[in-house]
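These notes are about the structure you will find just below.
The values are calculated or read from the model by the stated rules, or taken from the named source; none is laboratory data. The shown structure was predicted, so the numbers you read here are calculated from the model rather than taken from an experiment. Every residue, glycine among them, receives a Cβ derived from its backbone with ideal geometry; neighbour counts consider all protein chains shown. These area figures cover heavy atoms from the full protein model, side chains too; ligands, DNA and RNA do not enter into them. Shrake-Rupley method; radii C 1.70, N 1.55, O 1.52, S 1.80 Å.
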Amino acid sequence: MMLIFDRVLSQDNSSIAHVQSDSLQIVHSYHNKIYPDTIKLKSITVSAKHIEETHFSTYRIPKIVMEAQKERSLGEMLQKVAPIYLKDYGPGNTSTITLRGTNAAQTQIYWNGVPINAAGTGQTDFSTIPVMSGDEILILPGLISLEKGSGGLGGSIEINNNPRWNEINRCEANIETGSFGYQSYGGKAAIRYKTLQSRFYTRFQSADNDFEYINNTLAEPRKEKRVGASNHQWLVGEDFYLNTDSLNSIEIHLFTQSLLRDIPSPISTVQLPENEKMKLDDARIMASWRHQSKNQFRLGLKSAWTYNYMNYQNKLAAINSTYTTHQGFLIMNASKYWKNNTHLESEIRFQSQVARTANYANNINRNITSLWIKLDHHLGSFVNLYAGMRKEIAESTSTPLLPIVGVELFPTATKNLAFYMAFAKNSRIPALNDLYWVPGGNPNLKPEISHHLESGLRFQQNLLNRISFGLQVNAYSSRIKDWIAWMPDSVMISIWKPSNLKHVKASGFEILMDIGCTWSKTSLNSRLSYAFNITNEETEDDHQERQLQLPYTPQHIGNFSLYLVHHSFGFIYSMNYIGKRFINYNESYVLKPYLLQDVSFDYHFSVKKHEIKLTLKFYNLLNVQWENIAYQPMPGRYFHLGFSFLLNH
């Protein structure tokens, strides 16, 4: 089994993972034949709900990675195993990602099929999404994100919660402490009674983040200590699953959190501890019903509500701003499978946005309707044809028809080699802040329109049932019209305003390689990934690129991960490289590239029915001085020490 990404190729009615006494085997219609067993764990069986068939470059983050990173945020985990750039203001502070050269608002996040990007900014703060809140995380880069919704010009990320009907009742407690006042206390509980299952999780996390750094903005650089950068986060979640009979199931998911953070001043200015503060409250609830008939016809109904509250305070500027949004969703879908290898899928989604803030001239209400239809058909064993169409309508704004077409070719009968090519059109309507923020909002903004072309190959091979090899190469090119960018006003430079850039072109390629091997009671798995991207604005006259990379868009991203398990011992090594980044549109200032390395060690043992696990993690092993955002230093070397206690009933 490859331990970094599992390609989603499910064509069965269910996807079931079995953790057996001598191995961890992910049973997935294709990968259970490709990847050998690797991890030695105690016997449990985990079952997951049906994963719809997807194509092209869709990946799942495997369980071992999520387990190792369960105390971290989603952004911190993804930058270790995927070629993405995490734009981070510091530990526990705001973080967003860049996917294939696009900005944060052009990456869509879905929680159990519900979009959770903030209605105001259109973005998602990845520091507020804990890894422990999801059972499955999928990355859909590029055009395939259109399956879930529009707006993901760079791609989308799915966070799903799945039932585990064969899992025994269990309770887990976790404690972690570390450098710079870091503390984390959390727990999980899972209970199953016949056809009803409930899972609960909670966590409290805080840190002072008073690390030392070198202030290079001074005439004589010197070592200083970070001040005013503490954060506190509390969260709780609950998942309910009920199989009413063999054909119908009901799910309810709840999540809420509260976060209080100090916002540190840029080191180029006077340090003012506790001058800026932000309080965030999030809540979301979703209920769904699914029906699957015996003739492979499926129906689904889903309703959800999300709530976001933000309070920002700046004592020096005498600012005390509050922003509240509510979003409601009603989603209906249907799909049908035929024996001639044809699959038809349709969905309609109604979304209502309500925003209340003094930063708008009026209270805002916006309704959005999205329609989707998809058809794919297998021509024998060697060709798969795929086509879909999406239409989105918002009040006073309508996007064009958004098609996607593609073809996959399998030259061999074993399908271990595949070539694909696809084209898609996507669109993103302006966020509420883009339109209505005072001062600066621009109600005349146009939707962003993108055209994507993508091709690639996949190769996977298993040797001697002990060594597995996987290779994926993707090349893409997208041209985005009316890219929305906030820039200083030409008259009052202290006021920033959004405007539509003429055209932006993003193109590049990705290489992902997995190697895994297992012998006796030892397994070793590794992943190497690299991404090259050029994203620049085209001129107004001749549509030729300016050859200037857009701000905070690195051309080179790479990472490497290694997972070693031997008996009861575990070792993880990860390396993340980010190339230079410009912080403005004329490339007059550049942030230096950096290479970060992390290692962790763990040991687990059992006492009767109790399982105990000890972990020791070192971050930024070589004590690199680095920045993700200009004048916002990041910590040097630091450590976390963890203790986990698991009780099985």
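For MET634, the residues whose amide H sits under 5 Å from its own are TRP626, ignoring neighbours fewer than 5 places away on the same chain, with H placed 1.01 Å from N. Along the range 132-145 the Karplus relation, 6.51 cos²θ - 1.76 cosθ + 1.60 evaluated at θ = phi - 60°, assigns HN-Hα couplings of 5, 7, x, 9, 8, 10, 10, 10, 10, x, x, 5, 5, 5 Hz to successive residues, with x for each Gly and Pro. In the complete set of protein chains, residue-level accessible area for LYS277 is approximately 60 Å², probe 1.4 angstrom. Bridging of LYS148 to aspartates and glutamates at a Cα separation below 14 Å is possible for GLU52, GLU53, GLU158, GLU345, GLU347, GLU392, once same-chain residues fewer than 8 apart are set aside.
Mean 1/r over all different Cα pairs, inverted: what Kirkwood radius does the range 137-221 give, in Å? Roughly 17.7 Å, rounded to one decimal. Only lysines eight or more places from LYS315 in sequence, or on another chain, were considered; those with a Cα closer than 25 Å are LYS225, LYS277, LYS279, LYS497.
Viscosity 0.692 mPa s, temperature 37 °C: give me the Stokes-Einstein translational D for the range 277-342 in µm²/s, with Rh taken as the Kirkwood radius over C-alpha pairs.
Numbers: Rh = 15.5 Å.
It diffuses with D of about 212 µm²/s by this estimate.
Ranked by the mean number of other Cβ atoms within 10 Å of their residues, highest first, the peptides 563-571, 76-84 come out as 76-84, 563-571. Looking at the chain, send over the antiparallel percent of its DSSP beta bridges, to the nearest 5. Close to 100 percent.
Between the range 562-593 and the range 109-157, what is the separation of their alpha carbon centroids in Å? Answer, in whole Å: 22. Per residue, the chain exposes 42 Å² of solvent-accessible protein surface, assessed with a 1.4 angstrom probe and all protein chains in place.
Per residue, the convex hull around the alpha carbon atoms of the range 552-627 comes to 100 Å³.
Placing +1 on each Lys and Arg Cβ and -1 on each Asp and Glu Cβ, with no other charges, gives the range 198-245 a dipole about its Cα centre of roughly 220 debye. Rounded to the nearest 20 debye, the dipole magnitude of the chain is 1240 debye, with +1 charges on Lys and Arg beta carbons, -1 on Asp and Glu beta carbons, and the Cα centre as origin.
If you take the C-alpha gyration tensor of the range 62-167, multiply each eigenvalue by 5 and take the square root, what semi-axes do you get, largest first, in whole Å? Mind dumping the intermediate values first?
Working: eigenvalues 85, 59, 32 Å².
Rounded to whole Å, the semi-axes are 21, 17, 13.
When a/c reaches 1.5 or more, the comparison of a/b and b/c decides; with that in mind, is the range 431-517 rounded, prolate or oblate per its Cα gyration tensor?
On the way: a/c = 4.31, a/b = 3.16, b/c = 1.36.
Taking the square roots of the gyration eigenvalues as a ≥ b ≥ c, the range 431-517 is prolate.
The calculated P(r) of the range 82-237, using every Cα pair and 5 Å bins from 0, goes 2, 8, 13, 15, 15, 14, 14, 10, 5, 2, 1, 1, 0, 0 in percent.
What 222 nm value per residue comes from the helices of the chain, counting each DSSP H run with n ≥ 4 as -39,500 (n - 2.57) and dividing by all residues, nearest 500 deg cm²/dmol?
Values: 4 runs with 23 residues, N = 649.
Value at 222 nm, helices only, nearest 500: -1000 deg cm²/dmol.
Kirkwood hydrodynamic radius, computed over distinct alpha-carbon pairs, for the range 436-593: how many Å, to one decimal?
Values: mean 1/r = 0.0522 Å⁻¹.
One over the average 1/r among Cα pairs gives 19.2 Å for the range 436-593.
In Å, the Kirkwood hydrodynamic radius of the range 515-649 over pairs of distinct alpha carbons? Numbers along the way, then the final one.
On the way: mean 1/r = 0.0547 Å⁻¹.
One decimal place: 18.3 Å for the Kirkwood radius.
Ignoring ligands, DNA and RNA, please state the percent of accessible area on the chain from carbon and sulfur, probe 1.4 Å. All intermediate terms of the calculation are to be shown ahead of the outcome.
On the way: 16620 of 27070 Å².
Its accessible area is 61 percent carbon and sulfur atoms.
Tell me which GluC sites (Glu not before Pro) from the range 233-282 have a DSSP coil assignment and no more than 16 other beta carbons within 10 Å of their own.
On the way: sites: GLU238, GLU251, GLU274, GLU276; in loops: GLU274.
Here the sparse-neighbourhood loop sites are GLU274.
Determine, for the range 369-459, the count of lysine pairs separated by eight or more sequence positions (or lying on different chains) whose alpha-carbon distance falls under 19 Å. So the count of such lysine pairs works out to 5. With a cut-off of 19 Å on the backbone N, the residues of the range 313-346 near the modelled label site 7 Å out from LEU247 along Cα-Cβ are 333-339. For LYS592, go through the lysines and keep the ones whose alpha-carbon is under 17 Å away, minus same-chain ones fewer than eight residues off. Filter leaves LYS87, LYS580.
Can you give me the C-alpha center-to-center distance between the range 380-421 and the range 164-225, rounded to a whole angstrom? Spelled out, the Cα-based centre of one part sits 39 Å from the other.
Can you bin the chain into rounded, prolate or oblate? Criterion: square roots of the alpha carbon gyration tensor eigenvalues sorted a ≥ b ≥ c, rounded for a/c under 1.5, prolate for a/b above b/c, oblate for the rest. Spell out each step's value before the answer.
Numbers: a/c = 1.38, a/b = 1.14, b/c = 1.21.
Rounded, because the longest to shortest axis ratio a/c is under 1.5.
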